[in-house]
Amino acid sequence: MSGALARVVAAAASGAVAPHWDAARDRVRAERVRVERLIGQEPRPAVYGFTTLLGPLDHRAAVERDQADLLAAHLLGPARPVAVRPLRLVSACKAEQLAHGGSGVSSRGFDAVLDAIGRPAVGTSIAWEASYGSGDVVPAAWWAAGALGDDSAGLDAGDLIALINGTFVSTAVGVAASLALARHLGRFLAAASALVAVPRLDHRTPGDVDVEAVLDAFGDSSRTGVRPVQQSVSLRDARVLVRPAVTALRDLVRATEHRLGAPSANPLFVEDGGDLRAVSQDGFLDVTLTLRLVGAQQLVLWCAGATQRLAEAACRTRDGQEPDVRDVQPPKVVEALLTHARTFAAAPASYSGSQSGGVEDLWDGSLQAGLTLLRVLAVAEDQLAVLEEVLGRRGGLPASAPVTASLAARTGMAQLDVDAWGAGTVLRDMGLAGPEA
């Protein structure tokens, strides 16, 4: 890892501003001086959001007092009260992207973002669902209104677009979903290790080094014992469960690190012969993380299907034994929860359309994909808990910590405390679980 993912996760947990972001203050300040020189020229250049209004109104000139009105105009949709940790995560992702430069944000705007990490505004609400993914500006505006507080009335020119544009909201949700996925997969594979064989194989592909390392955390129970010639497919080789888990987590880490590793803003200020030039580009758009999140949804359903088969195996009547009354319902409840999880899983409905007078005609849907993964995971967590109860009652539930740690170490998540990020807890912290949601 580059360290960006570890920085934002640590900041979300502790509220501490990373030295990396603190050191970026001078860069932000110096860039802003040059931005003000650019937008202060006569005749005044048209720089989106800095000297113009937004969206289909970008042909109209803007003054500083328009910033507060523009912010208020974005505060729409079903906003949910958000707890401290997800607020910090959003702020940290924004700080990481701003630290790369290019956004033109003022020193005051950047300082407000860093302050929001240490002192998140309690009572802030965010309309998570109010974005189709061509820049999550509405959810971001709700975040900015809370993060800035009274300072939102005096934003400097361009600060609004610099603060609310970019991929940082969906990236934060993607990070939370990735951590929740790692936690869930660790638990799932630990439970599977009580029932699924790990046959010794001579042939290994190069990528299986990491897979075998995770399997080593299973212990010896899955590698021994007398088994039928043909076990059920779900029970005969744990590699079919471990291999996609390693791949999906590694891909998610790479996708989130890629987003955190570069500026995400429109316009983007770039060097041009010693001067700055404002470039209109698509730095707020990135479908790669979306594809990884949608793939992860399918992985969770794959594991949820396996969980149902494992529940059947765990509750199976032993030869010559009477059925235990407690073993009748678990497979059926696990099946019902699997059916429920399937109702949530879906890719974004579309990636194109025509909004803002046709300017926004392509979008990535990554915020929706992250929310959907969290919802599918939350049901899968409930489903897995039923299997864990059965295994625990029968005295055969292995500890999940060794498997989770091995999985994290092999996918670039070794420094991250995934145990604190259960999907159900994350959704509650985001205000997306419970009667109000």
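Modelled this way, with points 7 Å down the Cα-to-C-beta line, the labels at Ala68 and Ala385 are 4.6 nm from one another. Per residue, the convex hull around the alpha carbon atoms of segment 49-172 comes to 94 Å³. Altogether, the Stokes-Einstein calculation at 20 °C and 1.002 mPa s, with the Kirkwood radius of segment 322-363 over Cα pairs as Rh, returns a diffusion coefficient of 152 µm²/s. Between the residues Ser356, Ala405, Leu416, the greatest Cα displacement towards the positive end of the dipole of segment 332-437, with unit charges on the Cβ of Lys, Arg, Asp and Glu, is found for Ala405. In this Cβ point-charge picture (+1 for Lys and Arg, -1 for Asp and Glu), segment 79-180 has a dipole of about 300 debye about its Cα centre.
Here's the picture: a label point sits 7 Å out from the Cα of Leu362 along the beta-carbon direction, and within segment 126-148 the residues with their amide nitrogen under 19 Å of it are 132-137. Dipole magnitude for segment 274-403: about 380 debye, using +1 per Lys or Arg Cβ and -1 per Asp or Glu Cβ, origin at the Cα centre. Its convex hull of Cα atoms gives segment 324-432 a direction-averaged projected area, equal to a quarter of the hull surface, of 9.9 nm².
With θ taken as phi - 60° and the Karplus curve 6.51 cos²θ - 1.76 cosθ + 1.60 applied, the whole-hertz 3J(HN,Hα) list for segment 17-23 is 6, 5, x, 4, 6, 4, 5 Hz, x standing for glycine and proline. The amide H of Gly283, built 1.01 Å from its N in the peptide plane, has Ala265 as neighbours under 5 Å, considering only residues 5 or more places off or on other chains. So, with a 1.4 angstrom probe, what is the percent of accessible area on segment 395-437 that is carbon and sulfur? The value for segment 395-437 is 53 percent carbon and sulfur by accessible area.
For segment 1-132, the residue among Leu53, Ser14, Gln67 whose Cα projects farthest onto the positive side of the dipole built from Cβ charges is Ser14. Averaging Cα coordinates gives a centre for segment 179-202 and one for segment 325-373; these two points are 24 Å apart. The value obtained for the chain, namely the Cα convex hull volume divided by the number of residues, is 146 Å³ per residue. Positive end of the dipole of segment 23-181 (Cβ unit charges, origin at the Cα centre): among Ala180, Asn165, Leu148, the Cα lying farthest that way belongs to Ala180. In terms of the mean number of neighbouring beta-carbon atoms within 10 Å, the peptides 101-114, 9-22 order highest first as 101-114, 9-22. Note on the chain: with charges restricted to the Cβ of Lys and Arg (+1) and Asp and Glu (-1), its dipole about the Cα centre is near 1100 debye. If R0 is 35 Å, the Cβ-Cβ spacing of Val325 and Val84 corresponds to a FRET efficiency of close to 0.20. Grouping the Cα pair distances of segment 13-73 into 10 Å bins from zero gives a pair-distance distribution of 18, 34, 29, 17, 2 percent in increasing distance order.
Net charge around Ser354, counting only other residues with Cβ within less than 13 Å of its Cβ (Lys, Arg = +1; Asp, Glu = -1)?
-2
The C-alpha atoms of segment 368-420 occupy a region whose extents along the principal axes are 37, 26, 16 Å, arranged from largest to smallest.
Helix by helix, which DSSP H runs in the chain go 27 Å or more along their axis at the Cα atoms and have an average Kyte-Doolittle hydropathy of 0.0 or more?
Values: long enough: 168-192 (35 Å, 1.30); 239-260 (31 Å, 0.08); 287-314 (40 Å, 0.78); 366-393 (40 Å, 0.79).
Counting only whole DSSP H runs, the qualifying helices are 168-192, 239-260, 287-314, 366-393.
Counting only DSSP H runs of at least 4 residues, each contributing -39500 (n - 2.57), and dividing by the residue count of the chain, the helix-based mean residue ellipticity at 222 nm comes to -17000 deg cm²/dmol. Backbone amide hydrogens, once placed in the peptide plane, bring Gly353 within less than 5 Å of Leu362, excluding anything fewer than 5 places away on its chain.
Backbone amide hydrogens, once placed in the peptide plane, bring Arg80 within less than 5 Å of Ile126, Ala127, Trp128, excluding anything fewer than 5 places away on its chain.
The values are calculated or read from the model by the stated rules, or taken from the named source; none is laboratory data. Note that the structure is predicted; figures quoted are calculated from it, not measured. With ideal geometry, Cβ positions are generated from the backbone for all residues, glycine too; neighbour counts draw on all protein chains shown. Ligands, DNA and RNA are stripped out before the accessible areas are found, and what is left, the full protein with its side chains, is counted by its heavy atoms. Shrake-Rupley method; radii C 1.70, N 1.55, O 1.52, S 1.80 Å.
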